[in-house]
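Every read-out reported here was derived from the displayed coordinates using simple, explicitly stated rules and does not represent laboratory data. Predicted model, so just to flag it, every value in this text is computed and none were measured. Note that we place each Cβ from the backbone using ideal geometry, even for glycine, and neighbour counts take in every protein chain shown.
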Amino acid sequence: MRRRLLLILPALQQLDNYAFRLIKYSRFPPLSLLTIAGMTPEDEWDIMVRDEHIESSQVDGHVDLVGIQTYISCAGRAYELAAHWRARGAKVVLGGLHPTSLPAEAIQHADAICTGPAETAWPRVLEDFERGRLQGVYRGTCPGSAALVPLPRRDLMNPHAYLIRNTMVTSRGCPHSCDFCYKSSFWGPTYYEARPIAEIERELSTVEDGLVFFLDDNLLANRRHARAMFDLLRGSGVVWQAAASLDVTRDPGYLDEAYEAGCRSLFVGFESISPENMRGNNKTVNATTDYLEACRRFHDAGIMINGSFVFGFDCDGPDVFERTVEFAIEAKILTATFHVLTPLPGTPAFERLAEDDRILNRKWEYYDTDHAVFRPRRMSPERLEAGHKRAYRDFLTYSSIFRRSLGLPGAVKRLAYNIAWMKVDPVWVAIVRLGLMPYATRLFNRLLRFNTRVKPSGQLLKPSPL
Ligand code: SF4
């Protein structure tokens, strides 16, 4: 008899405004759930995937097994859903970052939990479920897991809800060990593994719209892997975005290679404009990088910057918000996210603050990078939260958008991209509800392709044919 499996991404709890959830989370589908679906035998299971940021997770009829991806800030909602489905007679498994960092807490709310990579745990979960002995902790092991990543079941996601349909992972882990980074509690501090290149090629061949967001922790960290990826991507017609650390700017030729292979935007963790903060949190690569020069090199290569900044480190005083936004404007950073420092369980940052008795609460729904859950050293928690909000506002003013867009090649395109990315909120809900996302995707795709680049000599180059 066929079984029914329901895979759920619970809504982040502080985001009780449905419209805001759509705005914030309709950019990417839940890749982990689609990957777990890809590991589940199609001939034995009917699989449903529900992302609560864009739709209800409720389904009619009996469900045999429920898998819930559990981030820290949605843990409360995940536990609620687990109780609901267990009361309806289903077996419930929790997996993801939060059960991995706090297994003793998570197991109290489910029949079983998966910790670490699902590729080496999920098949055992299914086997034990079939035998009626599902229980306890299923520990996924890291080494060898990257080779087991299956094709994600993109056919199961809501086809009109996401801006970028093709998210992919080609490697896992990162050579750096920043104290605040969650990857260390999931993968361990030193683990790095790339997927076999033939597997990546197979997955890339399923990309139909020429647009990919790589979700690797740090795609460009391992040059051998990255260059093998460049070989696959160069000339393929795919434009892509990914995350990278600042060390990639030490070799401008490497950035040129990335551009030639279709890279158009990189998510870069600047974290703090204070080198002391970076040294104090083991992100020495940032402490030893000239940020303005690094930004110039990204721009010379034709690669747009999506910057990430964190407030609340020990050297941050009340002026940090204004100084950070001023830097982002001066460096012409196109898009940015700002975060309140959030000590995540299992990280050295959490351990240190807990030892100093500076953790204010363990209500996980507030661990969402919008709230201060610890006592900062040089300002009050309230001032930290207010400064964080103000930084967003100041970064998103039209004056800031103009200053960040003008003065670089492709200014009109940068302006359009900036406004499209940062100012579409009032129409975003309508775009999702009216099923217009495919048009938004096409527009976004075009904006990415019309990227003009400038070589260090100042010579303008046409976009390279892809
Ligand atoms: S460079 Fe980025 S991914 Fe790597 S450890 Fe630091 S924060 Fe995490």
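Subtracting the Cα-Cα distance of Glu293 and Leu148 from 0.36 nm times their residue separation leaves 48.2 nm of extension gain. Here the Karplus curve 6.51 cos²θ - 1.76 cosθ + 1.60, taken at θ = phi - 60°, turns the phi angles of segment 390-398 into couplings of 5, 4, 4, 4, 5, 5, 9, 5, 5 Hz, with x standing for Gly and Pro.
Can you give the charge dipole size of the chain about its Cα centre, rounded to the nearest 20 debye, using +1 on the beta carbon of Lys and Arg and -1 on the beta carbon of Asp and Glu?
Values: 57 positive and 55 negative charges, 211 e Å.
With only Lys, Arg, Asp and Glu charged at Cβ, the dipole is about 1020 debye.
Note: relative contact order over the chain, using C-alpha pairs below 8 Å and six or more positions apart, is 13 percent. Every helix of 4 or more DSSP H residues in the chain counts as -39500 (n - 2.57), and over all residues that averages to -10500 deg cm²/dmol at 222 nm. Considering only Cys142, Ala287, Ala261, and ranking their Cα positions along the charge dipole of the chain that arises from unit charges at the beta-carbon of Lys, Arg, Asp and Glu, the one farthest toward the positive end is Ala261.
Rounded to the nearest 0.05, what FRET efficiency do Asp251 and Asn361 give with R0 = 60 Å and r taken as the Cβ-Cβ distance? Could you check? Spell out each step's value before the answer.
Working: r = 44 Å, r/R0 = 0.73.
About 0.85, to the nearest 0.05.
Where a ≥ b ≥ c are the square roots of the eigenvalues of the C-alpha gyration tensor, would you call segment 244-380 rounded, which needs a/c under 1.5, or, failing that, prolate if a/b is larger than b/c, or oblate? Note, shape of segment 244-380 comes out prolate. Coupling constants for segment 193-203 follow from the phi torsions by the Karplus curve (6.51 cos²θ - 1.76 cosθ + 1.60, θ = phi - 60°), and in residue order they are 8, 9, 6, x, 5, 5, 5, 5, 4, 4, 5 Hz; glycine and proline get x. Would you work out if segment 3-146 is rounded, prolate or oblate? Take a ≥ b ≥ c from the square roots of the eigenvalues of the alpha-carbon gyration tensor; rounded if a/c is under 1.5, else prolate when a/b is larger than b/c, oblate otherwise. Judged from the Cα gyration tensor, segment 3-146 comes out rounded (a/c under 1.5). Backbone amide hydrogens, once placed in the peptide plane, bring Asp370 within less than 5 Å of Val340, excluding anything fewer than 5 places away on its chain. Between Met304 and Ser265, Leu266, the built amide H atoms are under 5 Å apart, and every one of these is 5 or more places off in sequence or on another chain. DSSP finds beta bridges in the chain, and of those with both partners inside it, around 10 percent are antiparallel. Charge dipole of segment 218-270 (Cα centre as origin; +1 on each Lys and Arg Cβ, -1 on each Asp and Glu Cβ, all else neutral): 100 debye, rounded to the nearest 20.
Remark: spin-label model distance Asp64-Ala411 equals 6.3 nm, labels positioned 7 Å along the Cα→Cβ axis.
Amide hydrogen proximity for Ala336: with H placed 1.01 Å from N in the peptide plane, the residues at 5 or more positions away or on another chain lying under 5 Å are Gly307. For the residue pairs Lys183/Lys413; Lys283/Lys413; Lys363/Lys413; Lys332/Lys389, the C-alpha atoms sit more than 31 angstrom apart in Lys183/Lys413; Lys283/Lys413; Lys363/Lys413. The magnitude of the dipole of segment 3-146, with charges of +1 and -1 set on the Cβ of Lys/Arg and Asp/Glu and taken from the Cα centre, is near 320 debye. If you take the charge dipole of the chain about its Cα centre, with +1 on Lys and Arg Cβ and -1 on Asp and Glu Cβ, which of Leu384, Ala354, His160 is farthest toward its positive end? After comparing all options, I get His160. In order along segment 112-121, the phi-based Karplus estimate (6.51 cos²θ - 1.76 cosθ + 1.60, θ = phi - 60°) of 3J(HN,Hα) comes to 7, 10, 10, 10, x, x, 5, 4, 9, 10 Hz; Gly and Pro are listed as x.
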